[in-house]
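Written below as structure tokens is the structure these notes are about.
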Amino acid sequence: MLNILRRAGIEAVSASLDGQPIRGSRGTMLIPDTSLDEALKHDFDMVVLPGGQPGTNNLKADARIIQLVTTHGGRRPLWSVPSAPHLQCWQQRACSTASTPPVSRVRWMPSQGIAPTASSVEDGKLITSRGPGTAMDFALTLVERLAGKAKRDAVEAGLVR
């Protein structure tokens, strides 16, 4: 996701709860740009919360994240990939629902006009995607929201899809 945002010339900052590298559920090491405390000193146009376990539970247990979701989510877009949306499901039409951990799914609600085959859904200031397989589409959607359709198209043209 950071790669796609940066290809679009968007300044993107990654943060971990304590500024230390994070080991993902599949062993991938992620090196953050900064700590959450440092990131919270800045006002961002958008906040993106990652999904996956145990990371989502770690976010959910941190009062700073809950405060961020509450304050930032009311003013600016809040984007997340499952299972991060369950941190705060306001009256949104789509919320993450945990199945057998670490798998999570987005409940797509046809009665609310959400297609069951959509890779992501936007509801007010919240957008979520179906999971890791939709990460590229999700990242391109972020580019479009932040920099416009022309920039999304230009970035996507440079990708082999």
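The values are calculated or read from the model by the stated rules, or taken from the named source; none is laboratory data. Because the structure is predicted, anything quoted here is derived from the model rather than measured. As a convention, Cβ positions derive from the backbone with ideal geometry for all residues, glycine included, and neighbour counts pool all protein chains shown.
On the given criteria, is ALA12 at pLDDT 90 or above, among the aliphatic types (A, V, I, L, M) and not in a helix (DSSP H, G or I)?
Working: at pLDDT 90 or above: yes; among the aliphatic types (A, V, I, L, M): yes; not in a helix (DSSP H, G or I): yes.
Yes; evaluated as a whole, the condition is true for this residue.
Annotation: of all residues in region 37-95 being modelled with pLDDT under 55, touching a helix residue (DSSP H, G or I) at 6+ places or on another chain (Cβ under 6 Å) and surrounded by 19 or more Cβ atoms within 10 Å (Cβ to Cβ), the one that is nearest to VAL13 (Cα to Cα) is ALA84. Could you tell me whether LEU159 is modelled with pLDDT of 90 or more, under 15 Å from ASN3 (Cα atoms), among the aliphatic types (A, V, I, L, M) and surrounded by 14 or more Cβ atoms within 10 Å (Cβ to Cβ)? No. Taking the numbered list (1) at pLDDT 95 or above; (2) more than 27 Å from GLU144 (Cα to Cα) in turn, ARG6 passes all entries but (2). Number of residues in region 15-58 that are in contact (Cβ under 8 Å) with a residue 24 or more places away in the chain, assigned to a strand (DSSP E or B) and more than 17 Å from PHE138 (Cβ to Cβ) equals 2. The selection criterion, being of a type outside the set (Gly, Ala, Ser), surrounded by fewer than 16 Cβ atoms within 10 Å (Cβ to Cβ), within 22 Å of LEU5 (Cβ to Cβ) and in contact with a Lys or Arg (Cβ under 8 Å, 6 or more places away or on another chain), does not hold for ASP33.
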